[in-house]
Amino acid sequence: MTAIPMTAAAPRRRSPQPFTVAHFRAWARELELDTGQPWVVEPFFEAFLEDYFAGIPECWLLVPEGNAKTTSLAGLGVYLLEFRPRPSIPWAASSRDQAEIGYRQAEGLVLGSPRLKAFLKCQEGYRRIKNELGGRLQVFAADDGTGDGIIPSDCFIDELHRHKNLKLYRTWSGKLQKRGGQLATISTSGEPGTEFEQTRERIRQQTPTIERRPGYVHARSARIALHEYAVPEDGDVEDMATVKLANPFSGITVENLAEKFDTPTMTMTHWRRMVCNLPTRDEHAAIQEAEWHDAATTDEIPEGESVWLGLDVAFKWDTTAMVPLWMPDPPKRLLGPATILVPPRDGSSLEVDEIKRSVVVIHQRNPIHTVVMDISRAEDLAQWISDLGITIIDRAQTNSLAVEDYERFMSALRNGWLQHSGDAGLTRHALNAVARVLPFGDARFDRVSQTRQGGNQELRVIDALTAAAMVNAAASAPVEESGEVLSAWE
């Protein structure tokens, strides 16, 4: 193995072939953390390095907060600056603050070593570290829009679950072959249904598992490797010994986990997601997963039975959604599968004929006696539905009626009166919704973001829930309280 120079004299840098964990461990012994303590590389990071140094193009390390993953990644970056020939290492953090943390960790390792300072130059204003041969490590916020135009030897992506989407990841992954580069990703868990969590699940399902033990999964293929530390899905998140299995850093103990759990400011959402590394919905979510799944049933609306239909219409960006409701034995009611029509989202509109065809399909299976919709969005469509002999209830999407929709829906759900058939589309829309509190303290269903462009559109759609909440409110209340009945179009 190539000896590592330990003096401040002009270094003779060379690339060990191949990189090894033993070499990295020996190199790291000379470095100090910003606390002044020697840097001891953790065994869980060494396991990650085994795959990275083996040349796996894409390597993921998923571990809870506080496990020194950013510091470890910074150390890998500095190591590559010394031993990778002409390295080009972009490091994308989730935000400017996280970019600052990443840069500071790498800078601290350099400035704490007289030998490294002799040939590595820290450029604080650029969050960049350069070596004397022109190689560089540069940390920036992912939303800076600087992801294109690189030919990387290595790419680092920090806290991928906080990125708006995986566009940057895909861009960088596509550039690896230019130099035979590699991509290292570190993160904690995200929210269910996000692109990050969907990708995480695909890696687990499609990549051969090499090792699985309580709190840890190691999966690897020729293309991608995953090291995941998390409480098992059926594990007790309040058992500190179980939680410790998901926190491999030696500085985390059962005792300080218990102390952290008992902190007055700790919430179960934060604990599950950031300490147990379990995908967890935001604490502002309107409908919790448990209560939604408790309302699921294998029952279906019998073919031929008359139904109500909730209809939420959109043409340009949001989806058009329709949800049938069967109410055979009040107050019991059952929501059927949602029909969700996605517009082109290219500037053109969803064809009205497509909406009409979907209404006809539902009507042929289950005769629709009443449609609940906001006719201000689609007067011609409402006229066409009325011509079929279907009663229309005009239910405007004002705050007052949206509050009533929310209250009636949540009451029915929690009292066990309202069930659903487990439809995936309706479930996704229902679990996407947040409860927006209005000035007088009441609440309504709302989107997690009002921005239609630049974010994860699949995470913000709630239109099927809107349709379901409207039709539930109308069906469970006297007609005069739920909206204006238009039995014949005028």
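We did not get these values from a lab; they are worked out from the coordinates using the rules stated. From a predicted model like this one, the values you see are computed outputs, not experimental measurements. All Cβ positions, even for glycine, are placed from backbone atoms using ideal geometry, and neighbour counts span all protein chains on display.
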(message) Which one, 320, 375, 388, is farthest towards the positive end of the dipole of the range 290-486 when Lys and Arg carry +1 and Asp and Glu -1 on their Cβ?
(response) 320
(request) With everything on Cα atoms, drop me the angle between helix 352-365 and the longest principal axis of the chain, reported from 0 to 90° to the nearest 10. (result) 70
(message) I need the calculated FRET efficiency for the pair residue 353 and residue 197, taking r as the beta carbon distance and R₀ as 41 Å, to the nearest 0.05.
(response) 0.70
(message) List the residues, sorted by chain then number, that are 5 or more residues from residue 155 or on another chain and whose placed amide H is less than 5 Å from its amide H.
(response) 182, 183, 184
(request) List 420, 218 from most exposed to least, where exposure is judged by having the fewest other Cβ atoms within 10 Å. (result) 218, 420
(message) Taking R0 as 35 Å, what FRET efficiency do you get between residue 438 and residue 265 from their Cβ-Cβ distance, rounded to the nearest 0.05?
(response) 0.85
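So what is the relative contact order of the chain, in percent, for Cα pairs below 8 Å that sit 6 or more residues apart? Numbers along the way, then the final one.
Values: 927 pairs, mean separation 61.2, N = 490.
Answer for the chain is 12 percent.
Can you tell me, using C-alpha contacts under 8 Å and at least 6 residues apart, the relative contact order of the range 290-486 as a whole percent? Show your work: numbers first, answer last.
Values: 367 pairs, mean separation 55.9, N = 197.
This gives 28 percent for the range 290-486.
Hey, what D do you get for the range 21-275 in µm²/s if you plug the Kirkwood alpha-carbon radius into Stokes-Einstein at 20 °C and 1.002 mPa s? Don't jump to the answer; show the numbers that get you there.
On the way: Rh = 18.7 Å.
The calculation lands on 114 µm²/s.
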(request) Give me D for the range 180-332 in µm² s⁻¹, whole number, from Stokes-Einstein with Rh from the Kirkwood sum over alpha-carbon pairs, 25 °C and 0.890 mPa s. (result) 127
(message) So if I place +1 on the C-beta of Lys and Arg and -1 on the C-beta of Asp and Glu, and nothing else carries charge, what would the dipole magnitude of the chain be about its Cα centre? I want it in debye, nearest 20.
(response) 3260
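Starting from the Kirkwood radius over alpha-carbon pairs of the range 290-486, derive D by Stokes-Einstein at 25 °C in a medium of 0.890 mPa s and give it in µm² s⁻¹. Please list the in-between numbers first.
On the way: Rh = 16.8 Å.
Answer from the Stokes-Einstein relation: 146 µm²/s.
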(request) Write down the percent of antiparallel bridges among all DSSP beta bridges whose residues are both part of the range 290-486, to the nearest 5. (result) 60
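Rg/Rh for the chain: what does it come to with C-alpha atoms and Rh from Kirkwood?
On the way: Rg = 27.6 Å, Rh = 25.6 Å.
Reported Rg/Rh, Kirkwood definition of Rh: 1.08.
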(message) Give me, ordered by chain and number, the residues 5 or more places off residue 225 or on other chains with an amide H under 5 Å from its own placed amide H.
(response) 58, 59, 60
(request) Grab the chain and count how many Lys pairs have their alpha-carbon atoms under 25 Å apart, sequence gap of 8 or more, or different chains. (result) 19
(message) Using Cβ counts within 10 Å as a stand-in for footprinting exposure, how do 236, 374 rank, fewest first?
(response) 236, 374
(message) Please compute the length gained on full extension between residue 46 and residue 297, using 0.36 nm multiplied by the number of residues separating them and subtracting their Cα-Cα distance.
(response) 85.7 nm
(message) Per 0.36 nm of contour for each residue apart, how much would the distance between residue 212 and residue 179 grow if the chain were fully extended, relative to their Cα-Cα spacing?
(response) 8.6 nm
